[in-house]
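Peer 1: If you scroll down you'll find the structure; I have some questions about it.
Any read-out appearing in this document is the output of simple, stated calculations on the displayed coordinates, not a laboratory observation. Predicted model only: the values in this text are computed from it and were never measured. Note that we place each Cβ from the backbone using ideal geometry, even for glycine, and neighbour counts take in every protein chain shown.
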Protein chains: 2
Amino acid sequence: MRSVTIRNVADMAGVSVATASRVLSGHPSTSEVARDAVSKAATKLGFRPNAQARSLRKTSTQTIGLVLPDVRNPFFADLAHAVEQRARDFKYLTLFGNANEDADQQDRYFDIMLTQRVDGLIAAPQGNVTDLQSVLDSGVPTVFVDRVIPDTTVPSVTPDNVTGVQEAVRHLTNSGHRRIGYIAGPQSTSTGRERLAAFQSALADTHADDDADLIFFGDFQSASGAAGAHHLLELPHPPTALLAADSLMSIGAVGVCNERGLTIGTDVAFVAYDDIEAFSLINPALTVIAHDVNAMGRLAVDLLTQVIAGETPESVILPSRLIVRGSTPSLPGGLTS
Amino acid sequence: MRSVTIRNVADMAGVSVATASRVLSGHPSTSEVARDAVSKAATKLGFRPNAQARSLRKTSTQTIGLVLPDVRNPFFADLAHAVEQRARDFKYLTLFGNANEDADQQDRYFDIMLTQRVDGLIAAPQGNVTDLQSVLDSGVPTVFVDRVIPDTTVPSVTPDNVTGVQEAVRHLTNSGHRRIGYIAGPQSTSTGRERLAAFQSALADTHADDDADLIFFGDFQSASGAAGAHHLLELPHPPTALLAADSLMSIGAVGVCNERGLTIGTDVAFVAYDDIEAFSLINPALTVIAHDVNAMGRLAVDLLTQVIAGETPESVILPSRLIVRGSTPSLPGGLTS
DNA sequence: CTGAAAGCGCTTACAG
DNA sequence: CTGAAAGCGCTTACAG
């Protein structure tokens, strides 16, 4: 299936390849006669320029790479959608890589993106600088989104990982909870680390128990949320409230509560991370720590275009906030902070 | 940021570009001396072959295109994940395009995929043959997944859209329901059409009302599910059971039931499409029509590799089945079919 | 406005 | 086993 080349178009139009190329790419220096002939020939032949050949000649590929930890996580699915739609505004095609919350797959995708010569890279990375070394060395314009890697100067768009957690802990302790179980994200991610630190420092400001047993380390995927809920609820002195550091672990943990016959809101309070639509449907609806994923995706692309243009944009931190719903009722006899 | 080329590697290794190329691509005809020198030079320089140049020379790009209707739909997110993971087994990079349930965006992505010269294309398409014309004309190996376009000979992997719906209708009527509201998918999609037809023919086998008012046409997105639930529940003679044709419309519809103070399972029975994890967490858990999305994604890739190899594989239809949960209690006085 | 020619970074028959 | 050379399909100074 040999596809039609610019050569064929030029021949049919009776002009040189150079002229055909000029017409096809909208170069001003073309005669009307040439424009007509070339356009007609191109549509008649169904000509479609070869992106590889064009990219090889020009310095740009008009593509950006997006490396995310997990498409199946609704938060990242929304983020992917936001990035892609915004990239379209700049005529960029988004190459999408799904790291599966796995450092090796992530690094392989970084490699592929560089091999594909993307014009820019947006990533929600895990790990440390060594994972990024090839990307940094290549000098490809890069922006981090949601997560960052410390000790790099890569611009980023991240959520405020402190305020939401703080509000959640305050809300729970105000409602009388003293034992809050925390299902943490992996400490190889900045969000995992920052949210845990925020949780611990928020605890210190309250009368709640600061007990190492109340923290379970998950991996941001559903099964680990389930494992975490099991572990915490089996404790000799189990928590009366649970807080999970992302939506997938929240889903896993809620499932375990249901299985064990615990009524959420009554038997155990629950705060989830990320405001995904399904969480407002669970009965009672889940209290969540929310942030604006759409803005995050758009801004990441905007920052990237600036980096590509040679500028060095400031990193952005987006606010997060607590949305209180039925899963965390305010107890009448609650303490005040 | 001029990147290092094979020329640089060859120079440093003291060999010709041809030899460097042979070593780098594992061609057997190379001496150990050359292998050593080239390998060393390549790693020392951080050489990364230019995929564009390579693709231009070879006939293949080692990429496949995946055009899906909506990443934010958990079903398609899962499908994307399945396809991508399977594609990796064949060393294919997956270029991902999100049509946003929009025919124009879909067609633009088809265009982009052809321009990028993907080795193959997997799509869950909407529309009719004209949308596909350029793809068919190009002769690029193509496989449909989940959805198909009629009057084409493209191999496909689709769910059985009949059995699950049939079981759902039978289950509901056996439980005494006579008025079942149906939130249909867009009729521009094969799944939308087939599921509606299955619903109507299943109704004909029962004593349930076959009333045009009981059918609402949505677009597979959440907001239309909400609109559908509103419309149906406002009917002078409203349905006692609802069935929605995909997960996103189910989410929207369940939200509306909650808002209106209707208790699902008690005030209104509910059957959702696609077995996404969150549906088992809603209280009561939702009865769903389930199919194996993971198998669907894997098989689509397997079929595509066969098409690429010049074979003409048979299309596959995967079974779907009803999973009964709390949202559709069996009424004690239910009719028997 | 137009064409001939060089070149983007690779791969691969063709000789040797 | 190795190198010189041609060529994949484009774009773009350079002359005219």
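Peer 1: Set the Förster radius R0 to 35 Å, insert the Cβ-Cβ distance between A:Ser3 and B:Arg7 as r into 1/(1 + (r/R0)^6), and round the FRET efficiency to 0.05. Before the final figure, lay out each step's value.
Peer 2: On the way: r = 28 Å, r/R0 = 0.81.
Computed FRET efficiency for A:Ser3 and B:Arg7 comes out at 0.80.
Peer 1: Further, regarding this structure: Tell me which chymotrypsin sites (Phe, Trp or Tyr not before Pro) from region B:65-143 have a DSSP coil assignment and no more than 15 other beta carbons within 10 Å of their own. Before the final figure, lay out each step's value.
Peer 2: On the way: sites: B:Phe75, B:Phe76, B:Phe90, B:Tyr92, B:Phe96, B:Tyr109, B:Phe110; in loops: B:Phe90, B:Tyr92.
Loop-located and lightly packed - B:Phe90.
Peer 1: Right, something else. Mind listing the Cα extents of chain B along all three principal axes, in Å, largest one first?
Peer 2: 87, 39, 33
Peer 1: Are there trypsin sites (Lys or Arg not before Pro) in region B:251-329 that DSSP marks as loop and that have at most 14 other Cβ atoms within 10 Å, and which are they? If you can, show how the numbers build up before the last one.
Peer 2: Values: sites: B:Arg260, B:Arg298, B:Arg321, B:Arg325; in loops: B:Arg260, B:Arg325.
When the trypsin sites (Lys or Arg not before Pro) of region B:251-329 are filtered for loop state and at most 14 Cβ neighbours within 10 Å, B:Arg260 remain.
Peer 1: Label 7 Å along Cα→Cβ of B:Ser134; region A:61-86 residues with amide nitrogen under 19 Å?
Peer 2: A:61-64, A:85, by backbone N distance to the label point.
Peer 1: A further question follows. Please work out how much length the chain gains when fully extended from B:Val17 to B:Ser330, using 0.36 nm per residue of separation minus the C-alpha to C-alpha distance, in nm with one decimal. Display every interim value, and only then the final one.
Peer 2: Numbers: separation 313, 0.36 × 313 = 112.68 nm, distance 7.42 nm.
Separation in residues times 0.36 nm, less the Cα-Cα distance, equals 105.3 nm.
Peer 1: While we're on this one: Take the alpha carbon atoms of region B:309-324, find their center, do the same for region B:215-266, and report the distance between the two centers in whole angstrom.
Peer 2: Using only Cα atoms, the two centres lie 30 Å from each other.
Peer 1: Taking loop as defined by DSSP and a crowding limit of 12 other beta carbons within 10 Å, which trypsin sites (Lys or Arg not before Pro) in region A:47-107 fit? Show your work: numbers first, answer last.
Peer 2: Working: sites: A:Arg54, A:Arg57, A:Lys58, A:Arg72, A:Arg86, A:Arg88, A:Lys91; in loops: A:Lys58, A:Arg72, A:Lys91.
Answer in residue order: A:Lys58, A:Lys91.
Peer 1: From largest to smallest, what semi-axes in whole angstrom does region A:20-160 give when each is the square root of 5 times an eigenvalue of its alpha carbon gyration tensor? All intermediate terms of the calculation are to be shown ahead of the outcome.
Peer 2: Details: eigenvalues 275, 50, 35 Å².
Values for region A:20-160, descending: 37, 16, 13 Å.
Peer 1: Restricting to DSSP H runs of at least four residues, report the calculated mean residue ellipticity at 222 nm for chain A, -39500 (n - 2.57) per run over all residues, nearest 500 deg cm²/dmol.
Peer 2: Values: 12 runs with 144 residues, N = 337.
That comes out to -13500 deg cm²/dmol.
Peer 1: Could you calculate the FRET efficiency of A:Val33 with A:Thr115 from 1/(1 + (r/R0)^6), where r is the beta carbon distance between them and R0 is 35 Å, rounded to 0.05? Display every interim value, and only then the final one.
Peer 2: Working: r = 42 Å, r/R0 = 1.21.
So, using R0 = 35 Å, E works out to roughly 0.25.
Peer 1: Would you mind computing, in nm to one decimal, how far apart the modelled labels at A:Asn294 and A:Asp151 are, each placed 7 Å from Cα along Cα→Cβ?
Peer 2: Between A:Asn294 and A:Asp151, the label points sit 3.9 nm apart.
Peer 1: Can you list, shortest first in nanometers, how far B:Gly26 lies from the same residue in the other copies, with each label 7 Å from Cα toward Cβ?
Peer 2: Reported distances to equivalent positions: 4.3 nm.
Peer 1: Only Lys, Arg, Asp and Glu count, each charged at its Cβ (+1, +1, -1, -1), so figure out the dipole size of chain B about its Cα centre, rounded to 20 debye.
Peer 2: Working: 26 positive and 37 negative charges, 383 e Å.
The calculation lands at about 1840 debye.
Peer 1: Quantify how much of the Cα-Cα distance distribution of region A:76-122 extends past 12 Å, in percent. Could the numbers behind the result be given before it?
Peer 2: Working: 703 of 1081 pairs.
Of all Cα-Cα distances in region A:76-122, 65 percent exceed 12 Å.
Peer 1: Under 17 Å from the Cα of B:Lys58, which lysines turn up, not counting those fewer than eight places away in the same chain?
Peer 2: Those lysines meeting the cut-off are B:Lys91.
Peer 1: Where does the charge balance sit around B:Val129 when Lys and Arg score +1, Asp and Glu -1, over other residues with C-beta under 13 Å from its C-beta?
Peer 2: It works out to a net charge of -4.
Peer 1: Would you kindly give the portion of the calculated P(r) for the protein assembly as shown that falls above 34 Å, as a percent of all Cα pairs? Don't skip to the end; give the middle numbers.
Peer 2: Numbers: 118467 of 226801 pairs.
The proportion of pairs with Cα distances above 34 Å equals 52 percent.
Peer 1: Note the direction-averaged projected area, equal to a quarter of the hull surface, for the Cα convex hull of region B:97-195, in nm².
Peer 2: On the way: hull surface 28.1 nm².
So the Cα hull casts an average projection of 7.0 nm².
Peer 1: Hey, another quick one. Measure out, as a whole number of angstrom, how far apart the alpha-carbon centroids of region B:137-213 and region B:63-95 sit.
Peer 2: 24
Peer 1: Dividing the alpha-carbon Rg of region B:6-49 by 2.2 N^0.38 Å yields what?
Peer 2: On the way: Rg = 8.7 Å, N = 44, 2.2 N^0.38 = 9.3 Å.
It is 0.94.
Peer 1: Using a 7 Å offset from the Cα along the Cα-to-Cβ direction at both A:Thr240 and B:Arg321, what is the distance between the two label points in nm, to one decimal?
Peer 2: Rounded to a tenth, the inter-label distance reads 4.4 nm.
Peer 1: Here's a follow-up. As an exercise, take the mean of 1/r over every pair of distinct alpha carbons in region A:196-337, invert it, and state the Kirkwood radius in angstroms.
Peer 2: Details: mean 1/r = 0.0595 Å⁻¹.
Roughly 16.8 Å, rounded to one decimal.
Peer 1: How big is the antiparallel share of DSSP beta bridges in chain A, given as a percent to the nearest 5?
Peer 2: Values: 4 of 36 bridges.
Antiparallel bridges: around 10 percent, rounded to the nearest 5.
Peer 1: When ranked by the protection proxy of mean other Cβ atoms within 10 Å per residue, highest first, what sequence do the peptides A:28-38, A:180-190 form? Provide the component values of the computation, followed by the final result.
Peer 2: Numbers: A:28-38: 13.9, A:180-190: 22.7.
Result, highest mean Cβ count within 10 Å first: A:180-190, A:28-38.
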